[in-house]
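Computed from the coordinates by the stated procedures, all read-outs in this text should not be read as laboratory data. Everything numeric here is computed off the predicted structure, so don't read it as measured data. Note that we place each Cβ from the backbone using ideal geometry, even for glycine, and neighbour counts take in every protein chain shown.
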Amino acid sequence: MSLGHALRRIAEEYPEARLDPPAGHPLAAVIRRGAPDELRAALAGIDGPLLVKGSPGRGTRWAAVPWLATFDPAVTTSATRGYYLVYLFPAHTPAVHLSLAQGTVAALREHGPRAGAHLRASGDRLRARLADFADRLPNRGIALGTAGALPEGYEAAHILGLTYALDQLGDERRLRTDLAVAVDAYRALKARGGLDLGTG
């Protein structure tokens, strides 16, 4: 397998996989283990400690939007808080988003029904802080095609990134180059004050 093959498999197979229970499902194993292993391999040439996790959901429920994330442990080790890099798989179209994103659950807990507006406003200011990455990570917004606090929060939490159609996932060199750029943006955000909008 390769990173592109793993991403394509999730994007293609997830809608049908959700019709079956996740326990013991082969695609759940790809999201939890196979895809993270491929992402770790793609990150192997990049200096610094980076954690990788994938989630198809919890317990007996599939996630509305599965994810495959990279965390700088000095920033966060969880998709709930801080900021991190994540591959997200929209429900309404076979594609993959690579997103530099803010933690959604912490914002929901802190801001309640105003969390989306808070995350979008924060994202606008963080994009300005990362203006030198705008050409290489041009997506200012993402659509996940499903309702709910978490998917809508993921959309609002997006800072910048890229979207791949399925036929673009065969270019492993491009995926790794884009990933390296995204890690550079992640580290630049950390160096420029992170989510602290009072600095930088």
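For the chain, a crude dipole built from +1 on the beta carbon of Lys and Arg and -1 on the beta carbon of Asp and Glu, taken about the Cα centre, is about 480 debye to the nearest 20.
Just need the relative contact order of the range 7-119 here, percent rounded to a whole number, with Cα pairs under 8 Å and 6+ apart. RCO, the range 7-119: 19 percent.
Our estimate of slack between H111 and H25, defined as 0.36 nm per intervening residue step minus the Cα-Cα distance, is 27.4 nm. Among G57, G24, G153, the largest mean-square fluctuation in a Gaussian network model of the chain (Cα springs under 10 Å) belongs to G24.
Taking amide H positions as modeled 1.01 Å from N, with prolines and chain starts lacking one, the residues under 5 Å from L160 and 5 or more places away or on another chain are L100. If you wrap the Cα atoms of the range 3-191 in a convex hull and average its projected area over all directions, you get 9.9 nm². Considering only DSSP beta bridges whose two residues both sit in the chain, what percent are antiparallel, to the nearest 5? Of the beta bridges lying entirely in the chain, close to 95 percent run antiparallel. Could you tell me how far the Cα centroid of the range 160-178 sits from the Cα centroid of the range 26-40, in Å? Going from one Cα centre to the other spans 18 Å. Helices that extend 18 Å or more along their long axis by alpha-carbon positions and average at least -0.5 on the Kyte-Doolittle scale are, among the DSSP H runs of the chain, 172-191. Where is the GNM fluctuation largest for the chain (alpha-carbon springs, 10 angstrom cutoff): T104, T77, T146? Maximum fluctuation in the GNM of the chain, among the listed residues, is at T146. Potential lengthening of the chain between V181 and R61 amounts to 39.8 nm, from the contour at 0.36 nm per residue minus the alpha-carbon distance. The Cβ shell under 14 Å around A157 holds other residues with a net charge of +3, Lys and Arg each +1, Asp and Glu each -1. Its relative contact order, with pairs defined as Cα atoms under 8 Å and 6+ residues apart, puts the range 3-191 at 21 percent.
Of the residues G59, G145, G123, which exhibits the maximal mean-square fluctuation in a Gaussian network model of the chain defined by a 10 Å Cα contact cut-off? Between G59, G145, G123, it is G59 that shows the largest mean-square fluctuation. Residue exposure proxy: T93, T76, ordered by other Cβ atoms within 10 angstrom of their Cβ from fewest to most, comes out as T93, T76.
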